[in-house]
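Everything below concerns the one structure shown next.
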Amino acid sequence: QVQLVESGGGLVQAGGSLRLSCAASGLPFRFAAMAWFRQAPGKEREFVAAIAWSGGSQDYADSVKGRVTISRDNAKNTVYLQMNSLKPEDTAIYYCAARNGIFTVATMRPLDYDYWGQGTQVTVSS
């Protein structure tokens, strides 16, 4: 049974920082590509960041590039999203996602991911 549990969301002022965490279980985590997506009310789910199974390759959406860093700790079965210089437009529910299988390639498409957490709310005030 695969479970992904996000944490670390909350309310922060513009310019502030948050670190989101995603704890995974029931998954060969060290061999799985992981990603973060976000969804604001009335909008489609959009890609934020992804990291390859090895951790050596990272991808970011243009809207967050330079402000966020995705990383993983395979010993803890956890993926992180460090978010700095937050803007009000970053307000959304942030979801952790994992691909089925091993040695999976990180992509930017929600349809490529098989497992999802319930999300953690990030609210950035101006």
* Asked: Who wins for biggest fluctuation among SER21, SER71, SER63 in a Gaussian network model of the chain, springs between alpha carbons below 10 Å?
  -> SER63
* Structure fact -> In order over the stretch 25-36: 3J(HN,Hα) from phi, Karplus 6.51/-1.76/1.60, θ = phi - 60°, whole Hz, x for each Gly or Pro, gives 8, x, 9, x, 4, 5, 10, 10, 6, 10, 8, 10
* What list of ³J(HN,Hα) couplings, whole Hz, do you get for the stretch 110-122 from phi and the Karplus terms 6.51, -1.76, 1.60, once you set θ to phi - 60° and write x for glycine and proline? -> x, 5, 7, 9, 9, 10, 9, x, 7, x, 9, 7, 10
* Asked: For the stretch 95-108, what does the Karplus curve 6.51 cos²θ - 1.76 cosθ + 1.60, with θ = phi - 60°, yield as ³J(HN,Hα) per residue in whole Hz, taken in order and with x for Gly and Pro?
  -> 10, 8, 9, 9, 8, 6, x, 10, 6, 7, 8, 6, 10, 10
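For the stretch 26-81, what is the relative contact order in percent, using Cα pairs closer than 8 Å and at least 6 residues apart in sequence? Numbers along the way, then the final one.
Numbers: 78 pairs, mean separation 15.8, N = 56.
Relative CO of the stretch 26-81 lands at 28 percent.
How high is the relative contact order of the chain, in percent, counting Cα pairs under 8 Å that sit 6 or more residues apart?
Values: 328 pairs, mean separation 46.1, N = 126.
RCO, the chain: 37 percent.
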* Structure fact -> If amide H atoms are modeled at 1.01 Å from N in the peptide plane, then the residues at a separation of 5 or more from LEU86, or on another chain, having amide H under 5 Å from its own are GLY15, GLY16
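Which of the three applies to the stretch 8-53, rounded, prolate or oblate, going by the alpha-carbon gyration tensor with a ≥ b ≥ c and a/c under 1.5 meaning rounded? Kindly include the intermediate steps, with their values, before the conclusion.
Details: a/c = 2.34, a/b = 1.60, b/c = 1.47.
Prolate, because a/c is 1.5 or more and a/b exceeds b/c.
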* Asked: Looking only at GLY26, GLY42, GLY66, which one moves most when the chain is put into a Gaussian network model with springs between Cα atoms under 10 Å?
  -> GLY42
* Using a Gaussian network model of the chain whose springs link C-alpha atoms within less than 10 Å, name the residue from LEU11, LEU27, LEU86 with the highest mean-square fluctuation. => LEU11
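None of the figures in this text is laboratory data; all of them are computed from the coordinates on show. Please read all numbers here as calculations on a predicted model, not as lab measurements.
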